[in-house]
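K.L.:
Just passing along the structure, written as structure tokens.
The values are calculated or read from the model by the stated rules, or taken from the named source; none is laboratory data. Computed from a prediction, not measured in an experiment: that's the story for all the values here. Here the Cβ positions follow ideal geometry from the backbone for every residue, glycine too, while neighbour counts run over all protein chains shown. Accessible surface is based on the protein model in full, side chains and every heavy atom, while ligands, DNA and RNA are left aside. Shrake-Rupley method; radii C 1.70, N 1.55, O 1.52, S 1.80 Å.
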Amino acid sequence: MPTKIDFKRTVRDHAKLEGEAQISIGTTTFTGDGERLFLNFNDVGMLFSHGDAEDFLKAAMAAYLRLGYGIASGRSGPA
């Protein structure tokens, strides 16, 4: 499977302290050893090991749920 980009956007710092960054995340078979998670932040790219990818995505999911996002909550974000 080719590279699949799930999110790519210029994100602005909500507190207006740091400016903005181009962020993208997805999966790729670039290394030839199966699909890998990639994260790109201002043109610096990282391919994750499967262990690091699992830990990173668990942490992202914990933050996602803590913020109240998701279909089960019936909300699109904090009130």
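K.L.:
Within a Cβ distance under 12 Å of Gly19, other residues only, what is the Lys/Arg minus Asp/Glu net charge?
P.N.:
-1
K.L.:
Just to confirm, what accessible area per residue do you get for the chain at 1.4 Å probe, in whole Å²?
P.N.:
Details: 6260 Å² over 79 residues.
Result: 79 Å² per residue.
K.L.:
Another question about this same structure. Using only the alpha-carbon atoms, how far is helix 50-66 inclined from the longest principal axis of the chain? Give it as 0 to 90 degrees, nearest 10.
P.N.:
So the helix axis and the longest Cα principal axis differ by about 10 degrees.
K.L.:
Say each of Ile5 and Leu57 gets a label point 7 Å from the Cα, pointing the same way as Cα to Cβ; how far apart are those two points in nm?
P.N.:
So the two model labels end up 2.0 nm from each other.
K.L.:
Restricting to DSSP H runs of at least four residues, report the calculated mean residue ellipticity at 222 nm for the chain, -39500 (n - 2.57) per run over all residues, nearest 500 deg cm²/dmol.
P.N.:
Dividing the helical sum by the residues of the chain leaves -7000 deg cm²/dmol.
K.L.:
In a GNM of the chain with a 10 Å cut-off on Cα contacts, which of Leu47, Leu57, Leu65 has the highest mean-square fluctuation?
P.N.:
Between Leu47, Leu57, Leu65, it is Leu65 that shows the largest mean-square fluctuation.
K.L.:
Separate question: Mean separation of Cα pairs under 8 Å and 6+ residues apart, divided by the residue count of the chain: what relative contact order is that in percent?
P.N.:
Computed over the chain, the figure is 18 percent.
K.L.:
Right, something else. Taking a spot 7 Å from the Cα of Asn40 along the direction of its beta carbon, which residues of segment 3-26 have an amide N less than 12 Å from it?
P.N.:
Backbone N within reach: 3-10, 22-26.
K.L.:
Work out the length of the dipole vector of the chain about its Cα centre, built from +1 on the beta-carbon of each Lys and Arg and -1 on the beta-carbon of each Asp and Glu, and round it to the nearest 20 debye.
P.N.:
So the magnitude is around 400 debye.
K.L.:
I would also like to ask the following. Over segment 1-73, with every protein chain in place, what whole percent of the accessible area is carbon and sulfur at 1.4 Å, could you tell me?
P.N.:
60 percent
K.L.:
Determine the sum of side-chain charges near Leu47: Lys and Arg each +1, Asp and Glu each -1, restricted to other residues whose C-beta is under 11 angstrom from that of Leu47.
P.N.:
So the environment of Leu47 carries a net charge of -2.
K.L.:
Under 10 Å, Cα contacts only: if you run a Gaussian network model on the chain, which one of Ala15, Ala63, Ala53 comes out with the highest mean-square fluctuation?
P.N.:
Of Ala15, Ala63, Ala53, the most mobile in the Gaussian network model is Ala15.
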